[in-house]
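Taking it in order: structure first as structure tokens, then the write-up.
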Amino acid sequence: MAKISEILSTEKPTLSFEVFPPKTEDKYEGVEKAALDIATLHPSFISVTYGANGGTRRYTSDIAGDIAKNGVSSLAHLTCVASNKESVDEALKIYKEKGIENILALRGDLPENLTEMPKDADFHHASDLTSYIKSKGDFCIGGACYPEGHPEAANKDQDILNIKKKVEAGCEFLTTQMFFENSIMFNYMYRLREAGVTVPVCAGIMPITNANQVKRSIQLSGSVMPPRFLALVDKFGDNPKAMKQAGIAYATDQIIDLIANGINHIHVYSMNKPEVAEAIAKNLSDIVVL
Ligand code: FAD
């Protein structure tokens, strides 16, 4: 399977999707099926998230391994907030055994009782995890970035300097937090490049397919919801089929505008919904050739 740094080295548009692992064994089969259905679309890669406290670690590596076995490059996330060097070594060993070559190195959200990582923690930031993974083998490592600024950052300039540290530590590509207003992304890309961050950046797009997701997404990401988007939720929020159609159309429109303006790498938060991934891939079939 290809390394994501190679996949993103082309100027050609790419389209990747994300799935999240089940919390319990009984849901495993359903998630695995969703991931493999998405794999049949031949996306550029599929990422698999990681439970912040590591509780679903085994499922992340199992699903990412299955995706790779089915001929699609997989990206397994790994967080360090509740980890130490020993548990990261163990995770890396399993990733290697499963044929996973790409890792998204993350700190993870701090537990509610902490405002920063304990002084004696092995890893304080994603950049620490990145350099550690780098020293442990031939993984291609990516990191997260935040067009609207990470909520803990003192300010957006400081946040970008911290992204630069992540790249200097060995991150070969970045994936953004979801955003719903493209001008925020265009501005962010300008500031990243001006700060000397030159690695490829995948724009994270979340198709909102039901009204409840709106509140959850704002809570999770703190993203600005443009009036044009909120009007759509107002109008169609009570009609699930119409909301799904409108949410997919909005995400498609966002993606086409990004690609038209030179942002060629698109990562869709497809949330274990193959039908949403398929609809978006179909809408873009002559724009992003998979
Ligand atoms: P960091 O890069 O460590 O940044 C955290 C804060 O510390 C920021 O404010 C930053 O400015 C600051 N900082 C960073 N480096 C330094 C430094 N060297 N010195 C000083 N300050 C620094 N969470 C999960 O639990 N599982 C997942 O699978 C997952 N996947 C994600 C995928 C993407 C694309 C994104 C955008 C987020 C994801 N998250 C996931 C959420 C993520 O874990 C949280 O946003 C978390 O709060 C920050 O993680 P990070 O890796 O960006 O941390």
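Among the strands (runs of 3 or more DSSP E) confined wholly to region 1-81, which include 2 or more residues that are within 16 Å of the ligand (Cβ to nearest atom), without any contact (Cβ under 8 Å) to a residue 60 or more places away in the chain and open to solvent by less than 20 Å² (accessible area, probe 1.4 Å)?
Values: elements: 14-19, 46-48, 74-79.
Where strands (runs of 3 or more DSSP E) fall fully within region 1-81 and carry at least 2 residues being within 16 Å of the ligand (Cβ to nearest atom), without any contact (Cβ under 8 Å) to a residue 60 or more places away in the chain and open to solvent by less than 20 Å² (accessible area, probe 1.4 Å), they are 46-48, 74-79.
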**Request:** Take region 159-187 and flag every residue that is open to solvent by 70 Å² or more (accessible area, probe 1.4 Å) and either among the charged types (D, E, K, R) or within 13 Å of the ligand (Cβ to nearest atom) (or both).
**Result:** Leu161, Lys165, Glu168
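Could you tell me which residue of region 94-108 is most open to solvent (accessible area, probe 1.4 Å), considering only residues that are under 19 Å from Ala144 (Cα atoms) and small (Gly, Ala, Ser)? First the steps, then the outcome.
Our first condition is that a residue be under 19 Å from Ala144 (Cα atoms); within region 94-108, this holds for 100-108.
Still in the list and also small (Gly, Ala, Ser): 105, 108.
Values: Ala105: 0, Gly108: 20 Å².
Within region 94-108, the match that is most open to solvent (accessible area, probe 1.4 Å) is Gly108.
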**Request:** Of the conditions (1) outside any loop (DSSP other than H, G, I, E, B); (2) within 9 Å of the ligand (Cβ to nearest atom); (3) surrounded by 15 or more Cβ atoms within 10 Å (Cβ to Cβ), Tyr132 clears all except one; give me its number.
**Result:** (2)
**Selected residue (only one of Gly137, Gly142 is small (Gly, Ala, Ser) and under 17 Å from the mean Cα position of the chain (by Cα))** = Gly142
**Asked** Has region 141-149 got any residue that is exposed (fewer than 14 other Cβ atoms within 10 Å of the Cβ), within 8 Å of the ligand (Cβ to nearest atom) and of a type outside the set (Asp, Glu)?
**Response** no
**Single match in Gln219, Gln213 (criterion: more than 14 Å from the ligand (Cβ to nearest atom) and either assigned to a helix (DSSP H, G or I) or at pLDDT 95 or above (or both))** = Gln213
**Message:** Show the residue pairs meeting these rules: Cβ distance below 8 Å; 6+ apart or different chains; first residue within region 263-275 and open to solvent by 20 Å² or more (accessible area, probe 1.4 Å) and within 13 Å of the ligand (Cβ to nearest atom); second residue in a strand (DSSP E or B) and of a type in the set (Asp, Glu).
**Reply:** Tyr269/Glu18; Met271/Glu18
**Fill in**
Selection from region 188-210 of residues within 16 Å of the ligand (Cβ to nearest atom) and of a type in the set (A, V, I, L, M) yields Met189, Leu192, Ala195, Val197, Val199, Val201, Ala203, Ile205, Met206
**Message:** As an exercise: evaluate Lys156 against (1) over 18 Å from the mean Cα position of the chain (by Cα); (2) at positive phi; (3) modelled with pLDDT of 95 or more and give the number of the one condition it does not meet.
**Reply:** (2)
**Message:** The conditions are (1) surrounded by 20 or more Cβ atoms within 10 Å (Cβ to Cβ); (2) outside any strand (DSSP E or B), and Gly204 fails exactly one of them. Which is it?
**Reply:** (2)
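Whether any residue in region 225-248 is in contact (Cβ under 8 Å) with a residue 60 or more places away in the chain and either more than 16 Å from the ligand (Cβ to nearest atom) or more than 19 Å from the chain's Cα centre (by Cα) (or both) is what I want to check. Before you say what the answer is, go through the steps one by one.
First pass over region 225-248, keeping only residues in contact (Cβ under 8 Å) with a residue 60 or more places away in the chain: none.
The answer is no; no qualifying residue exists.
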**Selection count, region 109-129, where residues are of a type in the set (Gly, Ala, Ser), open to solvent by 20 Å² or more (accessible area, probe 1.4 Å) and under 23 Å from Val48 (Cβ atoms)** = 1
**Asked** Within region 82-129, can you find the residues that are within 10 Å of the ligand (Cβ to nearest atom) and basic (Lys, Arg)?
**Response** Arg107
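The values are calculated or read from the model by the stated rules, or taken from the named source; none is laboratory data. All values reported here derive from a predicted model rather than from experimental measurement. Because the Cβ atoms are built from the backbone with ideal geometry, glycine has one as well, and the counts that use them run over all protein chains shown. To get the accessible areas, we keep the full protein, side chains included, count just its heavy atoms, and leave off ligands, DNA and RNA. Shrake-Rupley method; radii C 1.70, N 1.55, O 1.52, S 1.80 Å.
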